[in-house]
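Asks: Dumping the structure here so I can ask a few things about it.
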Amino acid sequence: LQQIAKIYGGYLVFDDIEKKVNLLAGGGRDRGTSFNYYRGIKTATRRSDTTSLVTRLYGRNAEGETIASVNGGVPYVSNYTWTTDVRSATYDFKSGMSPQAMLRYLNSIIVARATPNISYKYRVSGLIDRIEEVDRFEVLDTVFVMDEEFSHSVRSQIVALTIDYIDPR
């Protein structure tokens, strides 16, 4: 999905309630807007999505040849850094792909596949005093979140905006 968004220049928006992924086109600026716990962040939630996590990758070409001949008799590569659960997937390579080339490819992608997709959800408040252009933002804008709680600072994208016009804080 991320590759599709890169190719077509859109933005992915995940809807957990409806179980959908929307690809939004265009929009969004980076004005330098930032948030931290002293100014803006009300709550922070870290989510780990393990639905596409794979710890063991098999590979075979169209002729049925595997990587076992060049991998010490083992027909797969594995990475149990995140979990000890065995989650398998098989890559079907094109005809004529050598076992060495398949092994190199599988080794290059197992690290990324054995790691969950981590995302952050922030709720911000106290926006009434944000009157400067650098402090203003709209849906799809990119903002910088300095998050000491997760010891991780991230560039995030505004995917929803709810304004209480009675109490704009």
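Asks: In Å², what does the accessible area per residue of the chain work out to with a 1.4 Å probe? Mind dumping the intermediate values first?
Replies: On the way: 11430 Å² over 169 residues.
Solvent-accessible surface per residue comes out at 68 Å².
Asks: Same structure again: So if I take the alpha carbon set of segment 24-102, get Rg, then get Rh from the Kirkwood formula, what is the Rg over Rh ratio? Present the calculation step by step, with values, prior to reporting the outcome.
Replies: Numbers: Rg = 21.3 Å, Rh = 16.8 Å.
Value, to two decimals: 1.27.
Asks: Starting from the amide H of S153, placed 1.01 Å from N in the peptide plane, find each other amide H under 5 Å away whose residue is 5 or more places distant or on another chain.
Replies: Correct list: D147.
Asks: Which one of S98, V77, S34 is farthest out on the positive end of the charge dipole of the chain, using unit charges on Cβ (Lys, Arg +1; Asp, Glu -1) and the Cα centre as origin?
Replies: After comparing all options, I get S98.
Asks: To continue, here is another question. Quick one: which residues, 5 or more positions from G59 or on another chain, have an amide H under 5 Å from its amide H? H modelled 1.01 Å from N in the peptide plane, none for Pro or chain starts.
Replies: Those lying under 5 Å, H to H, from G59 are I67, Y91.
Asks: Using each residue's phi in segment 12-18, evaluate 6.51 cos²θ - 1.76 cosθ + 1.60 at θ = phi - 60° and report the 3J(HN,Hα) Karplus result to the nearest Hz, with x for Gly and Pro.
Replies: For segment 12-18, the Karplus curve yields 8, 10, 8, 10, 5, 5, 7 Hz.
Asks: Whenever you get a sec, compute what percent of the accessible area on the chain sits on carbon and sulfur atoms (1.4 Å probe). Provide the component values of the computation, followed by the final result.
Replies: Values: 5930 of 11430 Å².
Percent of accessible area from carbon and sulfur atoms in the chain: 52.
Asks: Could you list which residues have their amide H under 5 Å from that of V124, counting only those 5 or more apart in sequence or on another chain, with H placed in the peptide plane?
Replies: Answer set, sorted by chain and number: K42.
Asks: Taking the simple approach of a point 7 Å from Cα along Cα-to-Cβ for both T115 and N36, what is their distance in nm?
Replies: 2.6
Asks: At most 12 other Cβ atoms within 10 Å and a DSSP loop assignment: could you name the trypsin sites (Lys or Arg not before Pro) in segment 29-71 that fit?
Replies: Working: sites: R29, R31, R39, K42, R46, R47, R56, R60; in loops: R29.
Counting only loop positions with at most 12 other Cβ atoms within 10 Å, the trypsin sites (Lys or Arg not before Pro) in segment 29-71 are R29.
Asks: If I stretch the segment between R155 and L12 completely, what's the gain in nm (0.36 nm per residue apart, minus their alpha carbon distance), one decimal?
Replies: Numbers: separation 143, 0.36 × 143 = 51.48 nm, distance 1.47 nm.
Extending this stretch completely gives an extra 50.0 nm.
Asks: Largest first and in whole Å, give the semi-axes of the chain's equivalent ellipsoid, each being the square root of 5 times a Cα gyration tensor eigenvalue.
Replies: Numbers: eigenvalues 372, 61, 35 Å².
Gyration-tensor ellipsoid for the chain: 43, 17, 13 Å.
Asks: For T45 and Q100, calculate 0.36 nm times their separation in residues minus their Cα-Cα distance, and state this gained length in nm to one decimal.
Replies: Numbers: separation 55, 0.36 × 55 = 19.80 nm, distance 4.22 nm.
Answer, rounded to one decimal: 15.6 nm.
Asks: Pop out the ³J(HN,Hα) list for segment 106-121 in order, Karplus 6.51 cos²θ - 1.76 cosθ + 1.60 with θ = phi - 60°, rounded to Hz; leave Gly and Pro as x.
Replies: For segment 106-121, the Karplus-derived couplings read 4, 5, 6, 9, 5, 4, 6, 6, 8, 10, x, 7, 9, 10, 10, 10 Hz, x marking Gly and Pro.
Asks: Turning to a different aspect of this structure: Remind me, relative contact order of segment 15-119 in percent, using alpha carbon pairs under 8 angstrom and six or more residues apart?
Replies: Working: 140 pairs, mean separation 35.0, N = 105.
In percent, rounded to a whole number, it is 33.
The values are calculated or read from the model by the stated rules, or taken from the named source; none is laboratory data. Computed from a predicted structure; not experimentally measured. Please note: Cβ atoms are built from the backbone with ideal geometry, for glycine as well, and neighbour counts cover all protein chains shown. With ligands, DNA and RNA removed, areas are computed over all heavy atoms of the protein, side chains included. Shrake-Rupley method; radii C 1.70, N 1.55, O 1.52, S 1.80 Å.
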